[in-house]
Amino acid sequence: MAGAVSIDAADPSGKPALPGERLQKLLSRAGIASRRKAEGFIEAGRVTVNGRVAKLGDRAEPGDDVRLDGRPVPQQREHVSYLLNKPPGVVCSVSDEHGRRTVLDLLPDVPGLHPVGRLDMDSEGLLVVSTDGDLTLRLSHPRYGHEKEYRLWCEQGTVDKGALMRLRSGVELEDGPARALKARSVDGGCVLVLGEGRNRQARRMLEAVGYRVRRLRRTRLGSLRLGDLPLGHYRKLDEDEVAALRSG
């Protein structure tokens, strides 16, 4: 097992690349957790390599015996990602302590499968569910700026021009300012495009301009569109779609 060194692959200075792969990347690629969560496992002493407790920065080479809580971690695995049209009333989590139906109940039983980001229980629409921790980080972290498009229906009907202008210029929420990258009216509500995905953000933004959302559907995430996929159904993402999400 290599020591705690902080560079990946080849060093820009021209020094030889270190052997093996960082443990947090290996755990993420195995679909066990995001890299950030995997780092927490390592720091907590839950990961071993060839029988030795690992440190953050350690690496593993092919053939090394890597374990989390004593269970072997597969070092090679083909990731799978799905697009799900999430129905309302389904929880975006791997499990639920209250026994409610989760998104995983709608998908094949694949080890390591987890929802990428969240839609609140009352919302519906596009949700990516994947075993790929790296893809999860890229789609979830604000620094990558993947656009999220929502179709909203409001109790007050079609959103007027004044409210749309306020949404585009920015409104103040309890967790800080928020603005829509795009906002346009449609029959019975509006369409919003956001660059971030805070908890119930689209609903709260509409409330800030005097509209109460009665229905919300996410229709796009980055380059990925919901299309005509029926509610409660899913399809596997192909390599080109995953590559576009990674590069977007």
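One table, with the values for the structure above:
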| quantity | calculated |
| --- | --- |
| Spin-label pair residue 101/residue 52, simplified geometry with 7 Å Cα→Cβ offset, distance in nm | 5.0 |
| For the chain, share of DSSP beta bridges that run antiparallel, in % to the nearest 5 | 95 |
| Of 148/236; 55/236; 37/182, pairs whose Cα-Cα distance is over 24 Å | 55/236; 37/182 |
| Whole-number percent relative contact order across the chain, with pairs defined as alpha carbons under 8 Å at least 6 apart | 19 |
| Cut-off under 5 Å, modelled amide H: who pairs with residue 147 long-range | 222 |
| Sorted largest first, extent of region 74-179 alpha carbons per principal axis (Å) | 54, 31, 23 |
| Rounded, prolate or oblate (a/c below 1.5 giving rounded, otherwise prolate when a/b exceeds b/c) for region 147-221 by Cα gyration tensor | rounded |
| For 144, 150, 234, order by how many other beta-carbon atoms lie within 10 Å, fewest first | 144, 234, 150 |
| Kirkwood Rh, angstrom, region 26-84 [1 / mean 1/r, Cα pairs] | 11.9 |
| Residue 247-residue 186 FRET efficiency (beta carbon distance; Förster radius 25 Å; 0.05 resolution) | 0.25 |
| Net charge, residue 90 excluded, C-beta distance under 12 Å - Lys, Arg +1, Asp, Glu -1 | -1 |
| Zero-based 10 Å bins, Cα pair distances in the chain, whole percents | 7, 27, 29, 21, 12, 5, 0 |
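Every number in this text was worked out from the coordinates using simple rules, so none of it is lab data. Being a predicted model, the structure only gives us computed values, none of them experimental. Ideal geometry is used to build each Cβ from the backbone, glycine not excepted, and the neighbour counts take in all protein chains shown.
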